[in-house]
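Shown next, in structure tokens, is the structure this report addresses.
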Amino acid sequence: MPAVSKGDGMRGLAVFISDIRNCKSKEAEIKRINKELANIRSKFKGDKALDGYSKKKYVCKLLFIFLLGHDIDFGHMEAVNLLSSNKYTEKQIGYLFISVLVNSNSDLIRLINNAIKNDLSSRNPTYMNLALHCIANVGSREMAEAFASEVPRILVAGDTMDSVKQSAALCLLRLNRTSPDLVPMGEWTSRVVHLLNDQHLGVVTAATSLISTLAQKNPDDFKTSVSLAVARLSRIVTSASTDLQDYTYYFVAAPWLSVKLLRLLQCYPPPEDGAIRGRLTECLETILNKAQEPPKSKKVQHSNAKNAVLFEAISLIIHHDSEPTLLVRACNQLGQFLQHRETNLRYLALESMCTLASSEFSHEAVKTHIETVINSLKTERDVSVRQRAVDLLYAMCDRSNAKQIVTEMLSYLETADYSIREEIVLKVAILAEKYAVDYTWYVDTILNLIRIAGDYVSEEVWYRVIQIVINRDDVQGYAAKTVFEALQAPACHENLVKVGGYILGEFGNLIAGDPRSSPLVQFHLLHSKFHLCSVPTRALLLSAYVKFINLFPEVKGTIQEVLRSDSQLRNADVELQQRAVEYLRLSCIATTDILATVLEEMPPFPERESSILAKLKKKKGSGTVSDIEDSRKERNVNANANVNGSSDHTITNTSAKPPPSFACDLLATAPPPTNRPRPIPSSSMLHTPLTPLSPKAYTPQPVRPTVPFYQVTSSPSSDLLGLGNSSAVNSASPPTSSHAASLLVDVFSESLPVAALGSASAHVIEENFSRFVCKNNGVLFESQLLQIGLKSEFRQNLGRMYIFYGNKTSTQFLNFSSSVVCPEPLSSHILYNIFLHSRLNIHMKAADPVLDGGAQLQQILNIECISDFVEAPVLNIQFRYGGSTQNISVRLPVTLNKFFQPTEMTSQDFFQRWKQLSAPQQEVQKIFKAKHSMDTEITKAKIIGFGTALLDGVDPNPSNFVGAGVIHTKTIQVGCLLRLEPNTQAQMYRLTLRTSRESVTQRLSDLLSDQF
């Protein structure tokens, strides 16, 4: 530690710091601090004539103690008194203490504001700087109200010194960020622009930061800054490093100012004045030329500064998108970085080239680097760089390279990180659809996509295959043959079974002439997958079976036997049971003509904007790579024709009426074709009670639209073909043929109600929800502003949850409030709230309305489980930050399994109880593919974390896992037995759960199966 003088060095402070450092334990440190605090407190109270030096020394000690992590609850008034001192060191310590320790809601704010006003009006540059720094550091709304008009006046005053101008500009920038509504726009806005011509580069740098922020909100007020920014940038770029010695950083002239000026120019379009535009072009060319020069230093600081200016210049070139030569040069420069040894440069190059690919001038130049990008996709170690490579391949794709890019992305998909697989699947599906000149290639690509990454293929993707096959007669036979061959694999993903069931049910007759794919073979192939599928897929397969009865009368008896089986007619799931009954009755009483009418081929789907592209945009967010599709222009003359001479398969929506194209969204609800009846979605039968058919049902009724039997789901909101909209049903026009009316027998009820969709609710964040099913502690949500952590404990039917809110910014959150509410359901909102509140009682203690920057706030929830429940509550958080209200909704991980109490059982007791729970409604069995590595220890930990006791030696197969526990609620206790059977060879699990309550069985099965 350097020697300090007694006068200025505050020897007492140095001795105190030395004592703290010499403490051997935490207890010794606390003891020494308490002793010092007592001494300081006595000095402040007892000695009324304490001199400035002593006050400064003791305030410094308090500040040091606070920095060690201890609370300080006195000394604030003494710090405020130091502000009136005429000595710089004393005033400096006073301002430092206030900036660090004084809360914006403090009663001393008025005194502090008066002291600041005195220093601002003193015209002493040192004191003015201290005051401006304090305003910026505190940045409270009260200070903004007091000084928002004073700071701009100081900034543009002619007699203000350069150092004060710098501080004033940065102080005003801080106030504008914290309280933008309080910063007035006046005549000073036109004068502040001229600070870009100031001789002092420090003033120019601070002013550029301020103008860039203000220009984003009020561009017209600062448009004169463009010419001044270009002139200043030109002087910097063309100057030698020796001309700006004070602002040259490792042989790069004023890199920070250059970057800020380039960012300011990105707030405006290209200059209309030819001279200014030419001068700006010269600047950008000079920056690109300097990037090609040999480095003047081998130090990393030199390359960092040089590349910072280069990348910002390229961003400006891309933003203007008006100079073909510059765009191509920028692309070539970025191409050199694709193989650079610095990971950050490779990442930035890929990211910038993604934007360049959307320009008609540079798209072809970007395509020349396709091999390099593909190689980085295969060899890059950093996952974020690989993701940018995927984005670039997607952006550079057109008709000339679509097959190559799709093939490479499919190859990479097999080993891709789980975090980006869904995005890759969506991009492959979009590219294969948009640039397909051969429909058979598209079908092969999507089926291959399902095979490689079936778990990540969303419903929108396989919906699209069905749409295209139905709308294209020339691909229907090939699709039927291809899915038939794909289904012969021993292990098929469920999405492939859905596609296969739908296509074979509609077009299986096109391949029935081959003995190897006869109707009976097709049926047995589909039915062999039936027991492995979920309820919605089973329902879809039942619909395929009844379609088979119409297509192949010779298999009618076989299918009727399946429909008659107890597993169908007495199925625990009401949807499957009702379909089996109704399909069986339909096949028994309807004539061939009636079956042909009811079960006729699905009509073509209407054309709408791509739902896959919309899903990708939603996943990536607006303004990202996926928006390239909206701005890309057609670059090839031949891009408007496909193999058959039809128009280009565009996905983007246009104002003109699009021609028939398989690339249009056939999922979205739209008015049906006028020449065919629009089907009523059979999901409307979901909530219809299953009742015996009355004689009235057999009387002839007016013709009803064709029933699309493939619209099957166990959820009213999940419409397999997107037709579950009442407007679509109502718009259906009946067939014009009167003869058909005498053929159709109304087997169903008089009118099938369409399930009404609930109103759209606010987005609830559930990203980390599943992670807490088997654990109680961790980070539930994190953004740039806020982090939410949880720590919870449960015992029987009671639980306590500690929620920790962490402010990650340096600014206070005002009006902070939180509440626990029920999410809006698809059914009755009032009934749902009564349902949840009657099953789960949650009491929350109110939170502090102010959350300081960098601070943490704790809130406690007391939870009581009254009865079993399904939906978890939602935590709504609201606070003000930066002048705007922030709303965050997060799903709280309060799940039914949290109220488990583990139960130890012997093998004999377990199997005895297992046999007692043998009713169909008491058991749920799921077979699913493993999402994670099938590690034995991890599986054991998850089962224990789920809440049950892990019973060793109970199952005859030692590789199986057996558990037992009791769900405790206030009104009932539900025993639960589970058995998990892993198949490491097939990478699949079979989970069997038995409880005495059907709703509990289903919910626990859903929760646990999602963990593996």
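The values are calculated or read from the model by the stated rules, or taken from the named source; none is laboratory data. All values derive from a computational prediction rather than experimental measurement. Cβ coordinates were reconstructed from backbone atoms using ideal geometry, including for glycine residues, and neighbour counts include every protein chain displayed. Side chains included, ligands, DNA and RNA excluded: accessible areas come from the protein's heavy atoms. Shrake-Rupley method; radii C 1.70, N 1.55, O 1.52, S 1.80 Å.
Odds and ends about this structure:
- Sole residue being open to solvent by 30 Å² or more (accessible area, probe 1.4 Å), closer than 29 Å to THR407 by Cβ and over 32 Å from the mean Cα position of the chain (by Cα), chosen from GLN476, GLN488: GLN488
- Any hit, the range 427-436, residues being assigned to a helix (DSSP H, G or I) and among the hydroxyl-bearing types (Ser, Thr, Tyr): no
- When residues of the range 19-38 are limited to those that are assigned to a loop (DSSP other than H, G, I, E, B) and open to solvent by less than 60 Å² (accessible area, probe 1.4 Å), the one nearest to MET77 (Cα to Cα): CYS23
- Taken together, the residues in the range 944-971 that are of a type outside the set (S, T, N, Q) and assigned to a loop (DSSP other than H, G, I, E, B) amount to 9.
- Hits in the range 521-532 - residues which are hydrophobic (A, V, I, L, M, F, W, C) and at pLDDT 90 or above: VAL521, PHE523, LEU525, LEU526, PHE530
- Residues satisfying the stated conditions in the range 567-581, i.e. over 18 Å from SER999 (Cα atoms) and out of contact with any helix residue (DSSP H, G or I) (no Cβ under 7 Å at 6 or more places or on another chain): SER567
Condition check ((1) small (Gly, Ala, Ser); (2) out of contact with any Ser or Thr (no Cβ under 7 Å at 6 or more places or on another chain); (3) at negative phi; (4) buried (at least 16 other Cβ atoms within 10 Å of the Cβ)) across all residues:
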| site | (1), (2), (3), (4) |
| --- | --- |
| ILE877 | no, no, yes, yes |
| LEU892 | no, yes, yes, yes |
| ASP909 | no, yes, yes, no |
| PRO920 | no, yes, yes, no |
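- Within the range 106-120, considering residues that are open to solvent by less than 80 Å² (accessible area, probe 1.4 Å) and not in a helix (DSSP H, G or I), the one modelled with the lowest pLDDT: SER106
- Any pair with Cβ under 6 angstrom, 6 or more apart, that starts in the range 491-518 at a residue that is under 19 Å from GLU554 (Cα atoms) and ends at one that is buried (at least 24 other Cβ atoms within 10 Å of the Cβ) and of a type outside the set (A, V, I, L, M, F, W, C): LEU504/GLN522; GLY505/LYS547; GLY508/GLN522
- If you go through the range 949-972 and keep only what is in contact with an Asp or Glu (Cβ under 8 Å, 6 or more places away or on another chain) and not small (Gly, Ala, Ser), you end up with LEU951, ASN957, ASN960, PHE961, VAL962, ILE967, THR969, LYS970, ILE972.
- Residue ID - farthest from LEU978 (Cα to Cα), chosen from residues in the range 922-942 that are surrounded by fewer than 16 Cβ atoms within 10 Å (Cβ to Cβ) and among the polar types (S, T, N, Q): SER933
- Being surrounded by fewer than 15 Cβ atoms within 10 Å (Cβ to Cβ) and in contact (Cβ under 8 Å) with a residue 12 or more places away in the chain is a property that PHE64 lacks.
- Filter result for LYS61 (out of contact with any strand residue (DSSP E or B) (no Cβ under 8 Å at 6 or more places or on another chain), modelled with pLDDT under 90 and assigned to a helix (DSSP H, G or I)): no
- Breaking point among (1) under 30 Å from PHE1012 (Cβ atoms); (2) in contact with a helix residue (DSSP H, G or I) (Cβ under 7 Å, 6 or more places away or on another chain), for ALA512: (1)
- Taken over the range 397-423, the criterion of being touching a residue at least 40 places away in the same chain (Cβ under 8 Å) and buried (at least 16 other Cβ atoms within 10 Å of the Cβ) is satisfied by ASP398, ARG399, LEU410, LEU413, GLU422, GLU423.
- Test: LEU334 is without any contact (Cβ under 8 Å) to a residue 40 or more places away in the chain and under 31 Å from the mean Cα position of the chain (by Cα): yes
- Taking the range 157-180 as the range and being over 20 Å from THR809 (Cα atoms) and in contact (Cβ under 8 Å) with a residue 60 or more places away in the chain as the test, no residue passes.
- Complete set of residues in the range 242-269 that are of a type outside the set (A, V, I, L, M, F, W, C), open to solvent by 50 Å² or more (accessible area, probe 1.4 Å) and in a helix (DSSP H, G or I): GLN245, ASP246, TYR247, LYS260, ARG263
- Pairs meeting the criteria (first residue in the range 765-794 and farther than 27 Å from GLN901 by Cβ and in contact (Cβ under 8 Å) with a residue 24 or more places away in the chain, second residue part of a loop (DSSP other than H, G, I, E, B) and open to solvent by less than 70 Å² (accessible area, probe 1.4 Å), beta carbons under 7 Å, at least 6 apart or on different chains) are PHE781/ASN768; LEU785/THR809.
- Residue, surrounded by the fewest Cβ atoms within 10 Å (Cβ to Cβ), within the range 972-1012, restricted to residues that are over 34 Å from the mean Cα position of the chain (by Cα) and in a loop (DSSP other than H, G, I, E, B): ILE972
- Condition check for ARG41: basic (Lys, Arg), farther than 20 Å from THR811 by Cα and in a loop (DSSP other than H, G, I, E, B): no
- Within the range 9-32, the set of residues being of a type in the set (Lys, Arg) and more than 15 Å from LEU62 (Cβ to Cβ) comprises ARG11, ARG21, LYS24, LYS26, LYS31.
- Breaking point among (1) in a helix (DSSP H, G or I); (2) more than 22 Å from PHE222 (Cβ to Cβ); (3) in contact (Cβ under 8 Å) with a residue 12 or more places away in the chain; (4) not acidic (Asp, Glu), for SER315: (2)
- If you go through the range 926-941 and keep only what is touching a helix residue (DSSP H, G or I) at 6+ places or on another chain (Cβ under 8 Å) and modelled with pLDDT of 85 or more, you end up with LYS926, ILE927, PHE928, LYS929.
- Subset tally (residues that are hydroxyl-bearing (Ser, Thr, Tyr) and open to solvent by less than 10 Å² (accessible area, probe 1.4 Å)) for the range 301-359: 1
- Residues in the range 428-462 that are modelled with pLDDT under 90 and either touching a strand residue (DSSP E or B) at 6+ places or on another chain (Cβ under 9 Å) or among the charged types (D, E, K, R) (or both) were compared, and the one that is surrounded by the fewest Cβ atoms within 10 Å (Cβ to Cβ) is ASP438.
- Every condition in (1) within 13 Å of LEU1008 (Cβ to Cβ); (2) in a helix (DSSP H, G or I) is met by VAL924 except one, and the failing one is (2).
- Near pairs, Cβ below 7 angstrom, 6+ apart or cross-chain, from the range 273-287 (farther than 12 Å from THR325 by Cα) to any residue that is open to solvent by 30 Å² or more (accessible area, probe 1.4 Å): ILE276/SER227; ARG277/PRO270; THR286/THR238
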